[in-house]
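Comments concern the structure below.
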Amino acid sequence: MLKVQNVELSLLKPWEDNPRINDEAVDAVAKSIDSFGFNVPILCDQEFTIIAGHTRWKAAKKIGMKSVPVIVLKITEAQRKAFAVADNKTAEIADWDYPKLRKVLEELKNKKINLPSLGYCQAELRALLAKQREFDWKAFEDQLKAKLAQVYVLVPIKVPVKMKETFKKAIEKLANEHKIKEKDFAKAAGKVLGVLLGLSQCEKRWQQK
């Protein structure tokens with residue numbers, strides 16, 4: 001039977017080589033303790049070195065608590081380190097069922113529970129509580145096609161040096177004839193080539209721009 005006892009914070013010792021970075025969570029945990037109390041005991045070994053609960057220990061110090069509930073385990077140093085790593089790592093495996101989470105958050109909001117005390121920032125709460133709608137795949141595909149239509153790539157074409165100016169004048173002449181208005185000569189040349197090759201909708205699309 002595990003025994004919970006109140007221990008002074010000054011007696012508890014953090015694991016100095018703790019690989020878990022938890023400073024960002026301290027404020028959220030402090031708010032939770034303020035709202036709901038210190039309901040999850042800290043685990044430590046027989047030397048009062050913390051195994052699980054470093055964030056709760058820091059939060060308790062932040063809000064000025066003198067003592068906290070603790071469970072002392074008789075455990076070797078190697079077991080303590082293994083337990084601490086496993087406790088943090090296994091917590092990462094779980095995920096959220098977001099529709100169910102949204103429902104719970106809405107219920108708590110209606111009960112006047114302070115949702116930020118649960119550890120969520122305002123931006124997260126706005127996203128979680130936002131009205132849900134189905135993703136419009138057709139609109140997405142239309143936007144993607146529109147974006148791709150604006151993307152240009154260089155297609156290298158070689159002509160004899162002595163014919164360079166002749167090609168340029170011919171391209172300019174054909175661009176005017178097909179009402180292709182484009183300051184970028186390389187783009188204009190590509191549009192002219194597309195029209196000459198009879199590529200579908202090229203001339204009509206470029207005249208609309």
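The values are calculated or read from the model by the stated rules, or taken from the named source; none is laboratory data. All of these numbers come straight from a predicted model, not from anything done at the bench. Here the Cβ positions follow ideal geometry from the backbone for every residue, glycine too, while neighbour counts run over all protein chains shown.
Of the residues that sit in the stretch 159-182 and are touching a residue at least 12 places away in the same chain (Cβ under 8 Å) and exposed (fewer than 13 other Cβ atoms within 10 Å of the Cβ), which one is farthest from Leu196 (Cα to Cα)?
This residue is Lys181.
Quick check on this structure: which one of Ala146, Ala175, Ala170 is at pLDDT below 85 and part of a helix (DSSP H, G or I)?
That would be Ala146, the only listed residue that is at pLDDT below 85 and part of a helix (DSSP H, G or I).
Before we move on, is Ile157 in contact with a Lys or Arg (Cβ under 8 Å, 6 or more places away or on another chain) and among the aliphatic types (A, V, I, L, M)?
Taking the combined requirement at face value, the residue does not satisfy it.
Being within 14 Å of Leu11 (Cβ to Cβ), touching a residue at least 24 places away in the same chain (Cβ under 8 Å) and not assigned by TED's automatic domain parsing to the domain that holds Tyr120 narrows it down to one residue among Ile33, Ile63, Ile75, Ile42; which is it? It would help to see each step written out before you state the result.
Working: Ile33 fails: within 14 Å of Leu11 (Cβ to Cβ); Ile63 fails: within 14 Å of Leu11 (Cβ to Cβ); Ile75 fails: within 14 Å of Leu11 (Cβ to Cβ).
Just a single option satisfies the conditions, and that option is Ile42.
So which of Ile93, Ile171, Ile157, Ile75 ends up being under 30 Å from Ala59 (Cα atoms) and over 28 Å from the mean Cα position of the chain (by Cα)?
Ile75
Are any of the residues in the stretch 23-42 of a type in the set (Asp, Glu) and closer than 30 Å to Lys131 by Cβ?
Our first condition is that a residue be of a type in the set (Asp, Glu); within the stretch 23-42, this holds for 23-24, 27, 34.
Pick out the ones that are also closer than 30 Å to Lys131 by Cβ and you get 24, 27.
Among the residues of the stretch 23-42, at least one is of a type in the set (Asp, Glu) and closer than 30 Å to Lys131 by Cβ, which makes the answer yes.
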